[in-house]
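Colleague: Mind looking over this structure? Questions follow.
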Amino acid sequence: MTNAIGRAVAAGMLAALFGAAAVSLFYAWHPALTIEFDRDLPRNVTGIYPPEREEASGLTFAWTAGDTALRLPGLDRHVPWTLDLRIRGGHAADVNPEVTILADGLPLMTRRSASDFEDVRVVIPARPERPGLVVGLHTSATFVPGPSDPRPLGVMLDRLALTPDGIVLVPRPALGAATVSSAAMGAAIALLGVTAGSAIGGSILLGTGAASILARGFGPFTDYPGTAIRLGVWIALVLGLAAIAVQRGRRTPLRNTARFAAAFSASALFL
(Lines give C-alpha, C1' and ligand atoms only; values in the text may rest on other atoms or scores of the structure.)
Protein backbone atom coordinates (compact mmCIF):
# COMPACT_ATOMS: atom_id res chain seq x y z
CA MET A 1 0.00 0.00 0.00
CA THR A 2 2.89 2.32 0.81
CA ASN A 3 4.38 1.73 -2.63
CA ALA A 4 1.02 2.45 -4.27
CA ILE A 5 0.66 5.75 -2.43
CA GLY A 6 4.21 6.75 -3.26
CA ARG A 7 3.62 5.90 -6.92
CA ALA A 8 0.40 7.92 -6.88
CA VAL A 9 2.12 10.95 -5.37
CA ALA A 10 4.95 10.78 -7.90
CA ALA A 11 2.55 10.34 -10.82
CA GLY A 12 0.40 13.22 -9.58
CA MET A 13 3.37 15.55 -9.30
CA LEU A 14 4.62 14.60 -12.74
CA ALA A 15 1.18 15.06 -14.27
CA ALA A 16 0.90 18.47 -12.60
CA LEU A 17 4.23 19.58 -14.06
CA PHE A 18 3.38 18.37 -17.54
CA GLY A 19 -0.10 19.86 -17.35
CA ALA A 20 1.27 23.27 -16.34
CA ALA A 21 4.02 23.19 -18.96
CA ALA A 22 1.67 22.01 -21.70
CA VAL A 23 -1.04 24.60 -21.07
CA SER A 24 1.61 27.34 -21.07
CA LEU A 25 3.04 26.15 -24.38
CA PHE A 26 -0.34 25.64 -26.05
CA TYR A 27 -1.51 29.10 -25.02
CA ALA A 28 1.74 30.81 -26.06
CA TRP A 29 1.57 29.00 -29.40
CA HIS A 30 -1.92 30.27 -30.24
CA PRO A 31 -3.09 33.09 -27.92
CA ALA A 32 -5.12 34.99 -30.54
CA LEU A 33 -8.84 35.33 -29.91
CA THR A 34 -11.30 35.42 -32.80
CA ILE A 35 -15.06 35.74 -33.15
CA GLU A 36 -16.36 35.03 -36.66
CA PHE A 37 -20.08 35.39 -35.77
CA ASP A 38 -21.03 32.09 -37.36
CA ARG A 39 -21.75 30.34 -34.04
CA ASP A 40 -22.88 31.08 -30.50
CA LEU A 41 -21.01 33.95 -28.87
CA PRO A 42 -18.63 33.48 -25.92
CA ARG A 43 -20.17 34.09 -22.51
CA ASN A 44 -17.88 37.02 -21.78
CA VAL A 45 -19.38 39.08 -24.61
CA THR A 46 -22.27 41.44 -23.85
CA GLY A 47 -24.14 43.91 -26.01
CA ILE A 48 -24.06 41.82 -29.20
CA TYR A 49 -27.19 40.13 -30.52
CA PRO A 50 -27.15 36.51 -31.74
CA PRO A 51 -25.44 35.93 -35.10
CA GLU A 52 -27.46 36.17 -38.32
CA ARG A 53 -26.92 34.91 -41.86
CA GLU A 54 -27.55 36.75 -45.12
CA GLU A 55 -29.25 34.19 -47.34
CA ALA A 56 -28.11 35.62 -50.67
CA SER A 57 -24.38 35.76 -49.90
CA GLY A 58 -24.08 33.38 -46.95
CA LEU A 59 -22.43 36.17 -44.93
CA THR A 60 -22.67 35.76 -41.17
CA PHE A 61 -22.71 38.81 -38.92
CA ALA A 62 -24.14 40.17 -35.69
CA TRP A 63 -25.69 43.48 -34.71
CA THR A 64 -24.41 45.36 -31.71
CA ALA A 65 -26.48 47.32 -29.24
CA GLY A 66 -25.47 50.82 -28.22
CA ASP A 67 -22.69 49.54 -25.96
CA THR A 68 -20.71 46.33 -26.34
CA ALA A 69 -18.13 44.75 -24.05
CA LEU A 70 -15.69 41.86 -24.28
CA ARG A 71 -14.32 40.98 -20.83
CA LEU A 72 -11.04 39.08 -20.57
CA PRO A 73 -10.04 38.77 -16.90
CA GLY A 74 -6.44 37.74 -16.35
CA LEU A 75 -5.28 38.56 -19.89
CA ASP A 76 -1.52 39.15 -19.99
CA ARG A 77 -0.89 42.85 -20.68
CA HIS A 78 2.91 42.81 -20.76
CA VAL A 79 2.73 43.36 -24.52
CA PRO A 80 0.36 45.42 -26.69
CA TRP A 81 -2.60 43.68 -28.29
CA THR A 82 -3.96 44.44 -31.75
CA LEU A 83 -7.74 44.59 -32.20
CA ASP A 84 -9.07 43.94 -35.72
CA LEU A 85 -12.72 44.57 -36.54
CA ARG A 86 -14.71 44.13 -39.72
CA ILE A 87 -17.57 46.55 -39.27
CA ARG A 88 -20.44 48.15 -41.16
CA GLY A 89 -22.91 50.88 -40.29
CA GLY A 90 -25.90 49.36 -42.01
CA HIS A 91 -27.76 52.68 -42.13
CA ALA A 92 -28.20 55.20 -44.89
CA ALA A 93 -24.90 56.76 -45.93
CA ASP A 94 -25.59 60.10 -44.28
CA VAL A 95 -26.66 58.76 -40.87
CA ASN A 96 -24.17 55.98 -40.15
CA PRO A 97 -23.15 56.31 -36.49
CA GLU A 98 -19.74 56.92 -35.05
CA VAL A 99 -18.10 54.03 -33.27
CA THR A 100 -15.74 54.54 -30.34
CA ILE A 101 -13.37 51.73 -29.41
CA LEU A 102 -12.42 51.61 -25.74
CA ALA A 103 -9.95 49.63 -23.64
CA ASP A 104 -10.76 49.45 -19.92
CA GLY A 105 -13.12 52.40 -20.34
CA LEU A 106 -10.58 54.65 -22.08
CA PRO A 107 -11.29 55.66 -25.70
CA LEU A 108 -8.67 54.61 -28.24
CA MET A 109 -10.31 55.57 -31.52
CA THR A 110 -13.50 57.13 -32.85
CA ARG A 111 -14.55 56.88 -36.50
CA ARG A 112 -17.73 57.02 -38.49
CA SER A 113 -18.95 53.68 -39.78
CA ALA A 114 -19.56 53.18 -43.49
CA SER A 115 -22.40 51.70 -45.52
CA ASP A 116 -20.13 48.82 -46.59
CA PHE A 117 -17.96 46.57 -44.48
CA GLU A 118 -14.51 47.95 -43.72
CA ASP A 119 -11.55 46.75 -41.68
CA VAL A 120 -10.62 48.69 -38.57
CA ARG A 121 -7.41 48.12 -36.62
CA VAL A 122 -6.36 49.63 -33.32
CA VAL A 123 -3.46 48.83 -30.99
CA ILE A 124 -4.26 48.40 -27.30
CA PRO A 125 -1.28 49.59 -25.24
CA ALA A 126 0.49 47.32 -22.80
CA ARG A 127 -0.33 47.61 -19.11
CA PRO A 128 2.00 45.26 -17.19
CA GLU A 129 0.95 46.45 -13.76
CA ARG A 130 -2.63 45.20 -14.12
CA PRO A 131 -3.66 42.05 -16.02
CA GLY A 132 -7.04 41.76 -17.67
CA LEU A 133 -8.78 43.70 -20.41
CA VAL A 134 -12.26 44.98 -21.20
CA VAL A 135 -12.73 45.90 -24.86
CA GLY A 136 -15.69 48.19 -25.45
CA LEU A 137 -17.57 49.51 -28.48
CA HIS A 138 -19.82 52.54 -28.11
CA THR A 139 -22.16 53.49 -30.95
CA SER A 140 -23.20 57.12 -31.10
CA ALA A 141 -26.73 56.29 -32.28
CA THR A 142 -28.98 53.27 -32.63
CA PHE A 143 -32.13 52.59 -34.60
CA VAL A 144 -35.12 50.26 -34.20
CA PRO A 145 -36.00 48.30 -37.38
CA GLY A 146 -39.75 48.31 -36.69
CA PRO A 147 -42.61 46.96 -34.57
CA SER A 148 -41.68 43.35 -35.36
CA ASP A 149 -38.07 43.91 -34.29
CA PRO A 150 -37.83 46.30 -31.32
CA ARG A 151 -34.09 45.84 -30.83
CA PRO A 152 -31.98 49.03 -30.70
CA LEU A 153 -29.33 48.28 -33.33
CA GLY A 154 -25.92 49.92 -33.59
CA VAL A 155 -23.53 48.52 -36.18
CA MET A 156 -22.88 45.17 -37.87
CA LEU A 157 -19.84 43.05 -36.99
CA ASP A 158 -18.50 40.42 -39.36
CA ARG A 159 -15.29 39.59 -37.47
CA LEU A 160 -13.46 40.46 -34.28
CA ALA A 161 -9.86 39.38 -33.61
CA LEU A 162 -7.48 40.16 -30.78
CA THR A 163 -3.80 39.29 -31.28
CA PRO A 164 -0.82 39.91 -28.96
CA ASP A 165 2.27 41.65 -30.28
CA GLY A 166 4.59 39.19 -28.56
CA ILE A 167 4.70 36.11 -26.32
CA VAL A 168 2.12 36.12 -23.53
CA LEU A 169 1.52 34.04 -20.40
CA VAL A 170 -1.47 31.80 -19.90
CA PRO A 171 -4.09 33.19 -17.47
CA ARG A 172 -3.73 31.86 -13.94
CA PRO A 173 -7.13 30.09 -13.79
CA ALA A 174 -6.24 27.95 -16.81
CA LEU A 175 -2.77 27.25 -15.42
CA GLY A 176 -4.21 26.21 -12.06
CA ALA A 177 -6.88 24.05 -13.68
CA ALA A 178 -4.37 22.17 -15.84
CA THR A 179 -2.09 21.64 -12.84
CA VAL A 180 -4.69 20.48 -10.31
CA SER A 181 -6.86 18.36 -12.59
CA SER A 182 -3.86 16.62 -14.18
CA ALA A 183 -2.35 15.91 -10.76
CA ALA A 184 -5.59 14.41 -9.46
CA MET A 185 -6.14 12.21 -12.50
CA GLY A 186 -2.51 11.11 -12.66
CA ALA A 187 -2.55 10.06 -9.01
CA ALA A 188 -5.82 8.17 -9.46
CA ILE A 189 -4.46 6.23 -12.44
CA ALA A 190 -1.39 5.25 -10.43
CA LEU A 191 -3.63 3.96 -7.61
CA LEU A 192 -5.01 1.37 -10.01
CA GLY A 193 -1.73 -0.48 -9.61
CA VAL A 194 -0.35 0.05 -13.10
CA THR A 195 3.38 -0.06 -13.66
CA ALA A 196 5.48 3.04 -13.04
CA GLY A 197 6.06 3.48 -16.77
CA SER A 198 2.34 3.23 -17.54
CA ALA A 199 1.50 5.69 -14.77
CA ILE A 200 4.07 8.17 -16.07
CA GLY A 201 3.01 7.76 -19.70
CA GLY A 202 -0.65 8.08 -18.83
CA SER A 203 0.02 11.17 -16.72
CA ILE A 204 1.91 12.86 -19.55
CA LEU A 205 -0.77 12.09 -22.12
CA LEU A 206 -3.59 13.14 -19.82
CA GLY A 207 -1.87 16.37 -18.80
CA THR A 208 -1.21 17.25 -22.43
CA GLY A 209 -4.78 16.49 -23.46
CA ALA A 210 -6.27 18.56 -20.65
CA ALA A 211 -3.94 21.47 -21.43
CA SER A 212 -4.87 21.49 -25.13
CA ILE A 213 -8.53 21.95 -24.19
CA LEU A 214 -8.05 24.45 -21.36
CA ALA A 215 -5.84 26.76 -23.41
CA ARG A 216 -8.28 26.97 -26.29
CA GLY A 217 -10.23 30.06 -27.34
CA PHE A 218 -12.08 32.02 -24.69
CA GLY A 219 -12.07 29.15 -22.18
CA PRO A 220 -9.30 30.58 -19.97
CA PHE A 221 -11.37 33.75 -19.41
CA THR A 222 -14.60 32.08 -18.26
CA ASP A 223 -15.58 29.74 -15.42
CA TYR A 224 -14.44 26.78 -17.55
CA PRO A 225 -11.16 26.24 -15.62
CA GLY A 226 -13.13 25.88 -12.38
CA THR A 227 -15.35 23.28 -14.02
CA ALA A 228 -12.27 21.35 -15.16
CA ILE A 229 -10.86 21.30 -11.62
CA ARG A 230 -14.10 20.06 -10.06
CA LEU A 231 -14.60 17.43 -12.73
CA GLY A 232 -11.01 16.18 -12.55
CA VAL A 233 -10.96 15.95 -8.76
CA TRP A 234 -14.31 14.16 -8.52
CA ILE A 235 -13.51 11.63 -11.27
CA ALA A 236 -10.09 10.99 -9.71
CA LEU A 237 -11.61 10.56 -6.26
CA VAL A 238 -14.20 8.07 -7.48
CA LEU A 239 -11.61 6.17 -9.53
CA GLY A 240 -9.08 6.00 -6.71
CA LEU A 241 -11.56 4.96 -4.03
CA ALA A 242 -13.15 2.38 -6.32
CA ALA A 243 -9.74 0.89 -7.16
CA ILE A 244 -8.80 0.60 -3.47
CA ALA A 245 -12.19 -0.86 -2.49
CA VAL A 246 -12.22 -3.45 -5.28
CA GLN A 247 -8.67 -4.61 -4.62
CA ARG A 248 -9.29 -4.92 -0.89
CA GLY A 249 -12.54 -6.76 -1.45
CA ARG A 250 -11.02 -9.20 -3.93
CA ARG A 251 -7.77 -9.45 -1.96
CA THR A 252 -6.04 -9.83 -5.31
CA PRO A 253 -4.71 -7.21 -7.72
CA LEU A 254 -6.83 -6.15 -10.67
CA ARG A 255 -6.01 -7.64 -14.05
CA ASN A 256 -4.08 -5.45 -16.46
CA THR A 257 -7.05 -5.32 -18.83
CA ALA A 258 -9.31 -4.10 -16.02
CA ARG A 259 -6.77 -1.45 -15.01
CA PHE A 260 -6.45 -0.22 -18.59
CA ALA A 261 -10.23 -0.14 -19.07
CA ALA A 262 -10.73 1.84 -15.85
CA ALA A 263 -7.94 4.30 -16.61
CA PHE A 264 -9.02 4.80 -20.21
CA SER A 265 -12.69 5.27 -19.33
CA ALA A 266 -11.95 7.79 -16.58
CA SER A 267 -9.54 9.75 -18.78
CA ALA A 268 -11.97 9.80 -21.70
CA LEU A 269 -14.79 10.95 -19.41
CA PHE A 270 -12.64 13.76 -18.01
CA LEU A 271 -11.43 14.97 -21.40
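Colleague: At pLDDT 90 or above, over 20 Å from the mean Cα position of the chain (by Cα) and of a type in the set (A, V, I, L, M): which single residue out of 92, 69, 103 fits that description?
Modeller: So the residue among 92, 69, 103 that is at pLDDT 90 or above, over 20 Å from the mean Cα position of the chain (by Cα) and of a type in the set (A, V, I, L, M) is 103.
Colleague: Only one of 77, 43, 86 is assigned by TED's automatic domain parsing to the domain that holds residue 137, modelled with pLDDT of 85 or more and touching a strand residue (DSSP E or B) at 6+ places or on another chain (Cβ under 6 Å). Can you tell me which?
Modeller: 86 is the lone residue from the list that is assigned by TED's automatic domain parsing to the domain that holds residue 137, modelled with pLDDT of 85 or more and touching a strand residue (DSSP E or B) at 6+ places or on another chain (Cβ under 6 Å).
Colleague: Would you pick out the residues in the stretch 155-170 that are under 26 Å from residue 120 (Cβ atoms) and assigned to a loop (DSSP other than H, G, I, E, B)?
Modeller: 155, 165, 166, 167, 168
Colleague: Would you confirm whether or not the stretch 5-16 contains a residue that is of a type in the set (D, E, K, R) and under 12 Å from residue 160 (Cα atoms)? Write out each step before concluding.
Modeller: Here is the first cut: in the stretch 5-16, the ones of a type in the set (D, E, K, R) are 7.
Still in the running and under 12 Å from residue 160 (Cα atoms): none.
There is no residue in the stretch 5-16 that is of a type in the set (D, E, K, R) and under 12 Å from residue 160 (Cα atoms).
Colleague: Which residue pairs have Cβ atoms closer than 8 Å, lie 6 or more positions apart in sequence or on different chains, and pair a first residue in the stretch 32-57 that is of a type in the set (A, V, I, L, M) with a second residue that is in a loop (DSSP other than H, G, I, E, B)?
Modeller: If the second residue must be in a loop (DSSP other than H, G, I, E, B), the pairs left are 33/217; 33/218; 35/41; 35/42; 41/50; 41/51; 48/41.
Colleague: Which of (1) under 16 Å from the mean Cα position of the chain (by Cα); (2) part of a helix (DSSP H, G or I) does residue 12 not meet, given it meets every other one?
Modeller: (1)
Colleague: I would also like to ask the following. Looking at residue 214, is it closer than 15 Å to residue 8 by Cβ and either of a type in the set (Lys, Arg) or in contact (Cβ under 8 Å) with a residue 40 or more places away in the chain (or both)?
Modeller: Taking the combined requirement at face value, the residue does not satisfy it.
Colleague: Checking residue 40 against (1) within 20 Å of the chain's Cα centre (by Cα); (2) part of a strand (DSSP E or B), which single condition isn't satisfied?
Modeller: Failed condition: (2).
Colleague: Right, next: Just checking, which of 81, 63, 29 is closer than 22 Å to residue 126 by Cα and touching a residue at least 12 places away in the same chain (Cβ under 8 Å)? Talk me through it step by step, then tell me what you get.
Modeller: Numbers: 63 fails: closer than 22 Å to residue 126 by Cα; 29 fails: touching a residue at least 12 places away in the same chain (Cβ under 8 Å).
Answer to the selection: 81.
Colleague: To continue, here is another question. Looking only at residues that are charged (D, E, K, R) and within 16 Å of the chain's Cα centre (by Cα) in the stretch 195-239, which one is surrounded by the fewest Cβ atoms within 10 Å (Cβ to Cβ)?
Modeller: 223
Colleague: Tell me which residues, restricted to the stretch 39-54, are surrounded by 15 or more Cβ atoms within 10 Å (Cβ to Cβ) and either under 13 Å from residue 216 (Cα atoms) or charged (D, E, K, R) (or both).
Modeller: 42
The values are calculated or read from the model by the stated rules, or taken from the named source; none is laboratory data. These numbers were taken from a predicted model, which means no experiment stands behind them. Backbone-built Cβ (ideal geometry, glycine too); neighbour counts: all protein chains shown.
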